[in-house]
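Encoded as structure tokens, the structure appears first; notes follow it.
The values are calculated or read from the model by the stated rules, or taken from the named source; none is laboratory data. Being a predicted model, the structure only gives us computed values, none of them experimental. Don't worry about glycine lacking a Cβ; one is built from the backbone with ideal geometry, like all the others, and counts go over all protein chains shown.
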Ligand SMILES: Nc1ncnc2c1ncn2[C@@H]1O[C@H](COP(=O)(O)OP(=O)(O)OP(=O)(O)O)[C@@H](O)[C@H]1O
Ligand SMILES: [Mg+2]
């Protein structure tokens with residue numbers, strides 16, 4: 001059998017030309033904030049998502065993604081199958097998955113989460129029980145991430161690929177996650193403001209698992225609402241109390257871990273209060 005053109009590649013010159021020879025490029029994502037360029041590629045009956053970088057900072061992000069996937073595997077995280085060098089950078093190979101990104105900003109276009117036909121609005125219109133299952137998967141994946149010692153950076157609704165047919169939530173783009181707590185040495189971290197903790201905007205602050213707890217609290221808040229303005233909460237009052245503690249402004253007031261947050265969330269869910 002000849003070597004697989006994607007899974008056994010070690011070093012290529014120009015990614016897009018290589019992929020065009022290896023198979024058929026059926027999608028391209030060229031206009032992303034990250035500076036990465038990604039492709040959907042069909043090779044025979046298989047479909048792959050190949051994410052490439054040549055600029056130094058984008059390449060550094062992809063190296064981080066390799067570390068994350070080395071340390072964490074979870075059914076809700078799209079698995080990294082291979083990585084290889086490209087001239088001046090790196091490329092990552094993932095299986096192509098059917099989910100739709102709940103939010104897909106590009107460098108030239110953003111917003112639109114409330115448009116009725118947007119993936120986010122369609123997600124928010126699903127039955128509460130289905131949303132809770134999806135949220136549970138996100139929490140569960142972050143239990144595994146916490147176990148591995150990692151902290152979330154740049155987690156937002158662009159990382160959530162939801163398969164509306166299979167009713168399945170998958171996480172992608174964990175490229176900014178770090179292998180442990182760290183001190184912020186810039187004015188801010190990358191990310192979507194509405195998900196980010198206050199300390200992510202303060203040079204010199206500590207970014208640790210409590211930052212992850214905050215961001216997950218915001219994920220719960222924003223995904224279990226019927227609208228985009230945080231005015232149409234669909235959960236119970238006790239769930240809202242859990243979220244308030246998760247997303248407390250002072251890290252000292254938050255749950256101490258994803259595990260404790262998840263326990264509180266799962267405890268609150270059995271509440272008999274009306275939804
Ligand atoms: N495994 C996959 N299968 C199919 N589509 C995917 C897969 N992973 C990501 N995508 C799609 O590709 C888009 C871009 O992926 P990703 O978010 O990883 O790129 P990015 O360069 O980091 O973008 P951004 O700058 O917005 O963070 C996603 O919004 C999603 O629609
Ligand atoms: Mg990204």
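Restricting 192, 179 to residues that are farther than 23 Å from residue 90 by Cα, surrounded by 14 or more Cβ atoms within 10 Å (Cβ to Cβ) and either at pLDDT 95 or above or away from ligand 1 (no atom under 14 Å from the Cβ) (or both) narrows the list to 192.
List the strands (runs of 3 or more DSSP E) inside the range 4-93, counting only whole elements, that have at least 2 residues being free of Cβ contacts under 8 Å to residues at least 40 places away in the same chain, away from ligand 1 (no atom under 14 Å from the Cβ) and touching a strand residue (DSSP E or B) at 6+ places or on another chain (Cβ under 9 Å).
none
Of everything in the range 152-176 that is within 16 Å of ligand 2 (Cβ to nearest atom) and not in a loop (DSSP other than H, G, I, E, B), the residue that is surrounded by the most Cβ atoms within 10 Å (Cβ to Cβ) is 160.
Taking the conditions (1) free of Cβ contacts under 8 Å to residues at least 40 places away in the same chain; (2) within 16 Å of ligand 1 (Cβ to nearest atom) in turn, residue 164 satisfies each one other than (1). Does any residue of the range 60-71 turn out to be modelled with pLDDT of 95 or more and away from ligand 2 (no atom under 16 Å from the Cβ)? So far as the range 60-71 goes, yes, one or more of its residues are modelled with pLDDT of 95 or more and away from ligand 2 (no atom under 16 Å from the Cβ). Of 72, 78, 86, 128, all but one fail to be in the same structural domain as residue 41 (by TED's automatic domain parsing) and more than 16 Å from the chain's Cα centre (by Cα); the exception is 86. Against the conditions (1) out of contact with any helix residue (DSSP H, G or I) (no Cβ under 9 Å at 6 or more places or on another chain); (2) assigned to a loop (DSSP other than H, G, I, E, B); (3) away from ligand 1 (no atom under 12 Å from the Cβ), residue 98 satisfies every one except (3). Select from the range 140-150 the residues that are buried (at least 20 other Cβ atoms within 10 Å of the Cβ) and in a helix (DSSP H, G or I) and list them in ascending order. Residues satisfying the conditions are 141, 142, 145, 146.
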